[in-house]
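Worksheet for the structure shown next.
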Amino acid sequence: MARQAVRQANRSDVRKHEGFLQHGGYRWLWIALALCAVSIAAYLMIDAEPRPRGGTIYGYTLGTIGALLIGWLSLFGIRKRAITTGVYSLKAWLSAHVYLGVSLLVIGTLHAGFHFGWNVHTLAYALMVFVIVSGMFGAAAYAVLPKELSANRGETTQRQWLETIRSLDALLRDAAQPLDRTEADAVRLSTEQTTIGGSFLNRLSGQYPGCGNSRAISEISRLGRGGTSPHAAALDLVDSLLKRKQATLDQARRHIRLRTILEMWLYIHVPVTFALLAALTAHIVSVFFYW
Amino acid sequence: MADKVRIAIVGSGPAGLSAAAHAAKIGVSHVLLEKTDHLSDTIYSYQKKKYVMATPTQLVLRADLDFEAGYRETILDVWNKGIADGGVNVRYNAEVKGVSGEKGDFTLTLTNGDKVQAETIILSIGTQGNPNLMRCPGGDLPHVQYQLADPGAYIDEHIFIIGAGDAGIENALGLAADPAQANVVSIVNRSADFSRAKDANVTNLMAARDAGRVSTYTEASPAKVEGGWITLEIPDGETRLKCDRIIARLGSSPPRKFVESLGIEFTSDSRDAYPKLSPNFETTAPGVYVIGALAGYPLIKHCMNQGHDVVEYINGNVTLAPADEPILAQKLAHLPGGLPVAAWLEFLREKVEILNGLSPLQMREFLIDSEVRFYRADEVIFERNSIGSSLFGIASGSVKVEINAANPAITVPISAGSIFGEVGLISGRRRGSTIRASEDTIVIEIPRNAALKLMASVKEARDTVNRITTERTVLQIFGSGLTAHDVADVLAKSEVKEIKPGEAIIREGDESYDIYIVRRGSMVVEREIGGKPVFLNYIPAGQWAGEVSLVEGGKRNATVRAAIRSEVIKLDGDLFRILLNRKPELVARLRAEMSTRRRINEYIDKEKDKFSGVLDYYTSVAKFLVDQGVGEATDVLLIDERLCVGCDNCEKACADAHDGLSRLDREAGRTYANLHVPTSCRHCEHPHCMTDCPPNAIHRGPDGEVFIDNTCIGCGNCQRFCPYGVIRMDKPPPKKPGLASWLLFGMGPGPGEPDKAWKEANAKAGDGSHKQAIKCDMCSGIKGGPACVRACPTGAAIRVSPENFLSVALLDRGRE
Ligand SMILES: Cc1cc2nc3c(=O)[nH]c(=O)nc-3n(C[C@H](O)[C@H](O)[C@H](O)COP(=O)(O)OP(=O)(O)OC[C@H]3O[C@@H](n4cnc5c(N)ncnc54)[C@H](O)[C@@H]3O)c2cc1C
Ligand code: HEM
Ligand code: SF4
Ligand code: SF4
Ligand code: SF4
């Protein structure tokens, strides 16, 4: 066991088996809760008249904490991509990101003192809420979807699906040789008009109404099969190839759908973060200069 | 051929070529006999454009042919020209199948019946051996081939691959890779599954089969070959299929039989043994010399130097100092005493017991790989818990072992002539104690590979190491103030046994009470619950099994079987009980360990009704992990697919931390119960990849990582030997713009390994980098440890070692 101790010691927590939500025994959840509790308690205790808001000491404090938090939260994208040396864990960062990010909801609202209006201050607040809500969506997706992703994928990889589809296409082209014109055209629907990913809506819904391959399948079955002639055998072969292709397509598309959900919120989360940073700057500048 | 030549050189690899070139140069009559119709078949068979490296760099080339690092094509051209210009007498298609006569008057018989007369023979046939042949009728037809140089060269053919080992599968996949070639590729496997090949290959083959690119015939064998057709014997009869080409990959038989038929003795029966040689490369058959890979020197430079030297020796210049003399001299220069190289070699050989049986030539080779070190009194040689698998022999002086970590004053001496460090060598585990020099001491440090080779080729060395290891293991494991004297009886009856994977050493319900020490490999402990085996525990090398029945009597309460190929030391129960009666401390020691094991047992007993599903789960996951090589791993990357969002940040981090090449493939690999074992190095206790690395470029580093250093020649052997398919051959991509330029201005390909198109577009010509073996190095030297794990945002990626993961931790997972 001694050798374990040595390795453990110089390896921080790489062996800990905990997800980002549980990280460190919910350390950041507790810290975030404490932060919220202190803020709320202070808000109630100070109970100043007029009600505390941005302009008071208490308000400044919360505002500063909030702004620093937003700045720090925005750095996550860089932390994620800068592979530096040193003991850090992106999981710990994400854990803190998620819980402190949610706590901003409380801090920001208290900082605003429930005063809203049509101005840059409320714009900043709204953008912040928007980022946070999208983040919550993302965290929820991260927590539940991977299991489905794994179940769908089994032990195959994306590259294998693409290769399978490509080689089925080659076989389909061969198999279509003995067919007559209309039938061959149906097969070409599959080989030439099938997109795997498709538009954002396709990917998100997993529905592919105009899918060339499914059209090819129904065309072929409409054109009729059966019998024992060589021609019928060729049609049977085509039909089974089309169905194999469909199965692979379905699997790939389920994968794509889940990956789309796991990623799409980032297309809100990140751009709105930039908008938020701009609005926040405007908010701070306007408070200091025009107040 | 009537004329008798001075020297017949058999085999035109780098060794034979160089010998022939030198003979021609100094005007010695000679003939170079080559089996194929071209020179140097091994190198000729490298893949096209293979970059051939000229290691070791510090060794000077002493040959009449040029050789420097370069492409296969260039090197072969230079040699072809050198041989033609030098007036070398070559005979192609001249495979030697037998030799008769004696020194001064040999007759070599070729397969075509021709005879060649020679005074001496240089055997430089390498280690390739001969491919096993197709034995069915028609197996000798011209469209049956045993090699596939360029899979791209065949179009529109019906091709059958016979033999479904890695080579066969790789050929099949290569031929079917490009649909445009329109080959119809089939692979024929004698057994029902593809268990002989690597997982990665089998997975790819299955995918290719499912995609209709390759047909597979299992439990099938060729029955007859005709022009254009092959007949296969399949389980329900025979079938005749269209076939334009057959590629038989049935393995090859090493050339040893042939060599022995010439009256040449080998150093031992082991498969790794080499012919016995004098310092001048003469074998036990006078007048027959062996050089090159066959003599145990696989690097081209060595081969060529030996070719030169052996001709000099045969020509009477017996005092010529070998080309490695300066290297050895430099190695020994720092030692006190200032002896010449030969004297040092003799000194070491005589003093260190396990080296006694070596020949002067073997000693030279040995020293090239090893280091001779000088330590002053009290200097540390190695520390407890450091990683190391080299073996030390004490040439003069003595050392002391600090057996008690808490009190370094308690030491045990080891005297001159003996060895230490053997536990790390045998088990691949960390050093058990710190060792210091007691006085001024000279030791020889023998790296793992050289030590294994030594044990394989010299029986006395093997016996000595085994005897010493058993004694020390027993003393070290059981501790409690035992001395060698106490355990002498037990040791005298001890046995070292090799255990096959899955074989049981102890069976539940048996009445036996022997005790076993796992000396290499690992064991799993199972109990039958509700008619099914339940996984209880994992025993790594360096621990023992079977103490409960020994101490407390009664039937065996669990089954212990090998997780992987293992070696155990069996200690006789009766003798051990006598020892226990004399040594109550030892009983206490065993009981302490038993209590932890018993806790697991009781826990399982308690849980078994409530959680039978969990236990099943636990057992099946443990089994899956052991099958995936976790049983021989020291450190393995796992991905919990319940958490992995597929962002591939782990791969990107790996690439960014390592010259832009990722050493892991997250998606590939096996998955069970949401536990995914990605394609990434397991840092095996006894790495298979080290088996045959010509420049010895694979090592175990200070953190236990198995890594490949820069001397890698890119031969791909390690890739073939690694059963987990984790080694890739590649060269670093061009440097990309930094993260800030990408974030702000979108410059470069962004984080992670650049795609192929970018690599090609940005490649700089002649940047001097060539394909080398690339694998996970556990991020050694990178502060903070494994980048893949640090960069996983969700905590899905973890690195574990089997003894803390293959444990109750799995039970907790099952319950979630
Ligand atoms: C893929 C690969 C890459 C490598 N890369 C490198 C590298 O980059 N640098 C390096 O230094 N080393 C490299 N090596 C190792 C090196 O190629 C070999 O160790 C070396 O070629 C051995 O030389 P040799 O002369 O002893 O035997 P070989 O080169 O094996 O030559 C033996 C010759 O003998 C002939 N022969 C065999 N039997 C008979 C017979 N009965 N009668 C007549 N002729 C016979 C064979 O046809 C062959 O031509 C590599 C090895 C491999 C497999
Ligand atoms: C104002 C508050 C927030 C800001 C400014 C912010 C900003 C960011 C930024 C810049 C990224 C990097 C995205 C990338 O480059 O890939 C990110 C990622 C993320 N954020 Fe937030 N965030 C905020 C709040 C939250 C909250 C409240 C949650 C969850 C409850 C959350 C969850 C996440 C998650 C799950 C990721 C993705 C991690 C990954 O896959 O790399 N964020 N955030
Ligand atoms: S590369 Fe070597 S150490 Fe790593 S998994 Fe393969 S055989 Fe084991
Ligand atoms: S430990 Fe380091 S080298 Fe190994 S896979 Fe992870 S990042 Fe790559
Ligand atoms: S970094 Fe983690 S979540 Fe992302 S792909 Fe790798 S294991 Fe999965």
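The values are calculated or read from the model by the stated rules, or taken from the named source; none is laboratory data. Remember, predicted model here, so these are calculated numbers, not experimental data. Here the Cβ positions follow ideal geometry from the backbone for every residue, glycine too, while neighbour counts run over all protein chains shown.
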List the strands (runs of 3 or more DSSP E) inside the stretch B:411-526, counting only whole elements, that have at least 3 residues being over 22 Å from the mean Cα position of the chain (by Cα) and farther than 30 Å from B:Lys276 by Cβ.
B:411-415, B:434-437, B:504-506, B:515-520
Matching option when the condition is surrounded by fewer than 20 Cβ atoms within 10 Å (Cβ to Cβ), at pLDDT below 95 and within 15 Å of B:Leu32 (Cβ to Cβ), among B:Asp66, B:Asp105, B:Asp114
B:Asp114
State all residues of the stretch A:155-171 that are closer than 12 Å to B:Ala211 by Cα and at the interface with another protein chain (Cβ under 7 Å from one of its Cβ atoms); if no residue qualifies, say none.
A:Gln160, A:Glu163, A:Thr164, A:Ser167, A:Leu168, A:Ala170, A:Leu171
Take the stretch B:739-776 and flag every residue that is closer than 24 Å to A:Ala92 by Cβ and more than 12 Å from every other protein chain (Cβ to nearest Cβ).
B:Cys776
First in the stretch A:119-131 and among the small types (Gly, Ala, Ser), second anywhere and surrounded by 16 or more Cβ atoms within 10 Å (Cβ to Cβ), Cβ under 7 Å, 6 or more apart:
A:Ala124/A:Leu276; A:Ala124/A:Ala279; A:Ala124/A:Leu280; A:Ala124/A:His283
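Test of understanding: among B:Glu402, B:Glu422, which residue is touching a Pro at 6+ places or on another chain (Cβ under 6 Å), more than 15 Å from B:Leu348 (Cα to Cα) and in contact (Cβ under 8 Å) with a residue 24 or more places away in the chain?
B:Glu402
Quick grid of which residues meet (1) more than 15 Å from ligand 4 (Cβ to nearest atom); (2) out of contact with any helix residue (DSSP H, G or I) (no Cβ under 6 Å at 6 or more places or on another chain); (3) within 30 Å of A:Ile256 (Cα to Cα):
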| position | (1), (2), (3) |
| --- | --- |
| B:Asn649 | no, yes, yes |
| B:Ala655 | no, yes, yes |
| B:Arg682 | no, yes, no |
| B:Gly714 | yes, yes, no |
Count of the stretch B:228-252 residues which are assigned to a strand (DSSP E or B), surrounded by fewer than 17 Cβ atoms within 10 Å (Cβ to Cβ) and touching a residue at least 60 places away in the same chain (Cβ under 8 Å)
3
In the stretch B:179-238, which residues are within 11 Å of chain A (Cβ to nearest Cβ), of a type in the set (D, E, K, R) and farther than 22 Å from B:Asp156 by Cα?
B:Asp199
Check B:Asn581 against each of (1) assigned to a helix (DSSP H, G or I); (2) within 12 Å of chain A (Cβ to nearest Cβ) and name the one condition it does not meet.
(2)
Restricting attention to the stretch B:369-392, report how many residues are assigned to a strand (DSSP E or B) and either touching a Phe, Trp or Tyr at 6+ places or on another chain (Cβ under 7 Å) or farther than 17 Å from B:Ala416 by Cβ (or both).
5
For the stretch B:637-653, which residues satisfy the criterion of being among the hydrophobic types (A, V, I, L, M, F, W, C), out of contact with any Cys (no Cβ under 8 Å at 6 or more places or on another chain) and more than 6 Å from ligand 5 (Cβ to nearest atom)?
B:Leu638, B:Leu643
Among A:Asp174, A:Asp180, A:Asp185, which is the only one that is more than 16 Å from ligand 3 (Cβ to nearest atom) and within 14 Å of another protein chain (Cβ to nearest Cβ)?
A:Asp174
Out of all the residues in the stretch A:277-291, which are aliphatic (A, V, I, L, M), out of contact with any Ser or Thr (no Cβ under 8 Å at 6 or more places or on another chain) and either free of Cβ contacts under 8 Å to residues at least 24 places away in the same chain or within 10 Å of ligand 2 (Cβ to nearest atom) (or both)?
A:Ala278, A:Leu280, A:Val285
Unique match (being more than 28 Å from B:Pro694 (Cβ to Cβ), out of contact with any Leu (no Cβ under 6 Å at 6 or more places or on another chain) and surrounded by fewer than 19 Cβ atoms within 10 Å (Cβ to Cβ)) among B:Ser415, B:Ser433:
B:Ser415
Looking at the stretch B:686-697, is at least one residue more than 9 Å from chain A (Cβ to nearest Cβ), in a helix (DSSP H, G or I) and surrounded by fewer than 19 Cβ atoms within 10 Å (Cβ to Cβ)?
yes
Leading residue by the ranking (surrounded by the fewest Cβ atoms within 10 Å (Cβ to Cβ)) among those in the stretch B:617-662 that are part of a loop (DSSP other than H, G, I, E, B) and more than 13 Å from chain A (Cβ to nearest Cβ):
B:Leu661
Considering residues that are under 19 Å from A:Gln251 (Cβ atoms) and either among the small types (Gly, Ala, Ser) or crowded, with 20+ Cβ neighbours inside 10 Å (or both), the number found within the stretch A:192-229 is 14
Might you let me know whether the stretch A:2-14 holds any residue that is more than 14 Å from chain B (Cβ to nearest Cβ) and either modelled with pLDDT under 95 or in contact with a Leu (Cβ under 7 Å, 6 or more places away or on another chain) (or both)?
no
Looking only at residues that are surrounded by fewer than 19 Cβ atoms within 10 Å (Cβ to Cβ) and more than 11 Å from ligand 3 (Cβ to nearest atom) in the stretch B:715-729, which one is farthest from the other protein chains (Cβ to nearest Cβ)?
B:Gly716
Please find, within the stretch B:780-803, the residue that is farthest from the other protein chains (Cβ to nearest Cβ) out of those that are hydrophobic (A, V, I, L, M, F, W, C) and closer than 15 Å to A:Gly24 by Cα.
B:Ala796
Lone qualifier among B:Ile414, B:Ile435, B:Ile477 - being within 14 Å of chain A (Cβ to nearest Cβ), touching a strand residue (DSSP E or B) at 6+ places or on another chain (Cβ under 7 Å) and farther than 30 Å from B:Glu265 by Cα
B:Ile477
Select from the stretch B:286-308 the residues that are more than 9 Å from ligand 1 (Cβ to nearest atom) and surrounded by 22 or more Cβ atoms within 10 Å (Cβ to Cβ) and list them in ascending order.
B:Val288, B:Tyr289, B:Val290, B:Asn305, B:His308
What is the number of the single condition among (1) in contact (Cβ under 8 Å) with a residue 24 or more places away in the chain; (2) at positive phi; (3) away from chain B (no Cβ under 12 Å) that A:Leu110 does not meet?
(2)
Scanning for something under 30 Å from B:Phe266 (Cβ atoms), more than 14 Å from every other protein chain (Cβ to nearest Cβ) and within 16 Å of ligand 3 (Cβ to nearest atom), does the stretch B:146-169 turn up at least one residue?
yes
Considering the stretch B:265-282 alone, what residues qualify as being touching a strand residue (DSSP E or B) at 6+ places or on another chain (Cβ under 9 Å) and either under 18 Å from B:Ala450 (Cβ atoms) or assigned to a strand (DSSP E or B) (or both)?
B:Phe266, B:Thr267, B:Ala273, B:Tyr274, B:Pro275, B:Lys276, B:Leu277, B:Glu282
